[in-house]
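For reference, the structure discussed in these notes is given below.
The values are calculated or read from the model by the stated rules, or taken from the named source; none is laboratory data. Values in this document were obtained by computation on a predicted structure and should not be read as measured data. Don't worry about glycine lacking a Cβ; one is built from the backbone with ideal geometry, like all the others, and counts go over all protein chains shown. Only protein heavy atoms, including side chains, enter the accessible area calculation; ligands, DNA and RNA are left aside. Shrake-Rupley method; radii C 1.70, N 1.55, O 1.52, S 1.80 Å.
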Amino acid sequence: MRILAVGAGVIGSVYAGRLLQVGHELTFLARNGRLSELRAVGLILDEPLVETHTIFDVRATDALEIADTFDLVVVAVRAKQVLGTLPVLCEMTDNSDVLFLGDLDGHQGVLAETLGPRALFGFPSVTGVQVGSTTRFAQIGRQRTMLSEPDGAMTARIRRLQTEFSIAGFPTGISANIHDWMLGHEAFTVPIACALGRVGIDPGRLSADPDTLRLMVTATREALVGLREHGNTEIPASLRMMYRWLPTAVVLAYWRHLMHDRRGELWFGAHTRDAADELRSRASELEDALAGDPRGTPALDRLISGCRF
């Protein structure tokens, strides 16, 4: 496939690099310092948990030519920048599919209406941080890259895209309702981020703080139960298993161990520092989704009200 990556932050860089690695033709649409880095030193990916360091020569531009055509556009920018990509996407005449990969901050309807049948939605399974010109990242265990048609239909093109992403090394699933899937994901990530905010965004300190860990686990359980009672059927299976069936002591031990080792920083610490605005927005969205539940969510409310990040 001929792929255009709009955005060269962590998510855009990782997905572009792996798709390039398995033989796809890849172009970055970037700007300013990141454009200069890609042209000068290439795309540098560092994955510490598996000790890999890879450098790719890439094509990078700040403006598309009339003759440029693509099969797929992967838009991986911050939520507040999503609508800003529409002018460029609407000027394209190649009828390429456009996959918005990441948090949409409520813009899904506008994106689908503007781009029509070109639009696709998804959520990544990696996290990380830019360190100079290097993208330092980790693939989150048990989390799949999720893909979805705007109406949740199971189409041939979404299956093809699932296959291509799987070949590139991303375990990939298809959602019938990406909005509900993201809410389920928020029920997991928001309590973690807020718990980290209570301890200076230090995963090691969180590991050693049993009261905050227990509050985090209780808040996550409350959120997942509330979403399920509101009819959400898209909660990831791994979360359902952990928070519905495993004893609290086992769940606490899991998080105590994870936050103590390198995964705590790579999966959650760096992202909480780097994406505080988006996490606050997700917290508000989660609260809105759970509003009106007669059981209430006291632990979640307490955790969110004390957020300091």
Hull surface divided by four, with the convex hull built on the Cα atoms of region 130-262: how many nm²? 9.8 nm²
Could you provide, to the nearest whole Å², the per residue accessible area of region 3-131 with probe 1.4 Å? 43 Å²
Ranked from highest to lowest mean number of other Cβ atoms within 10 Å per residue, what is the order of the peptides 111-117, 135-141, 182-188? 182-188, 135-141, 111-117
Quote the relative contact order of the chain in percent (integer), defining contacts as alpha-carbon pairs under 8 Å separated by 6+ residues. 16 percent
Give the calculated FRET efficiency between ASP71 and LEU49 to the nearest 0.05, with a Förster radius of 25 Å applied to their Cβ-Cβ distance. 0.20
Largest first and to the nearest Å, give the Cα extent of region 1-128 along each principal axis. 42, 32, 27
Report in % the part of the accessible area of the chain that belongs to carbon and sulfur, leaving out ligands and nucleic acids; probe 1.4 Å. 52 percent
At a Förster distance of 30 Å, what's the computed FRET efficiency of ALA208 paired with SER238, Cβ-Cβ distance as r, to 0.05? 0.75
Could you tell me what % of all Cα pairs in region 22-76 have separations over 19 Å? 39 percent
CD proxy at 222 nm, helix term only [per DSSP H run n ≥ 4: -39500 (n - 2.57); per residue of the chain; nearest 500]: -13500 deg cm²/dmol
I need the chymotrypsin sites (Phe, Trp or Tyr not before Pro) found in region 229-279, filtered to DSSP loop residues with at most 12 other beta carbons within 10 Å of theirs. none
extent check for the chain: Cα max minus min per principal axis, descending, whole Å, gives 58, 39, 30
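Considering only protein heavy atoms, what per residue accessible area in square angstrom results for region 155-220 with a 1.4 angstrom probe? Numbers along the way, then the final one.
Numbers: 2260 Å² over 66 residues.
Counting only protein heavy atoms, the per-residue value for region 155-220 is 34 Å².
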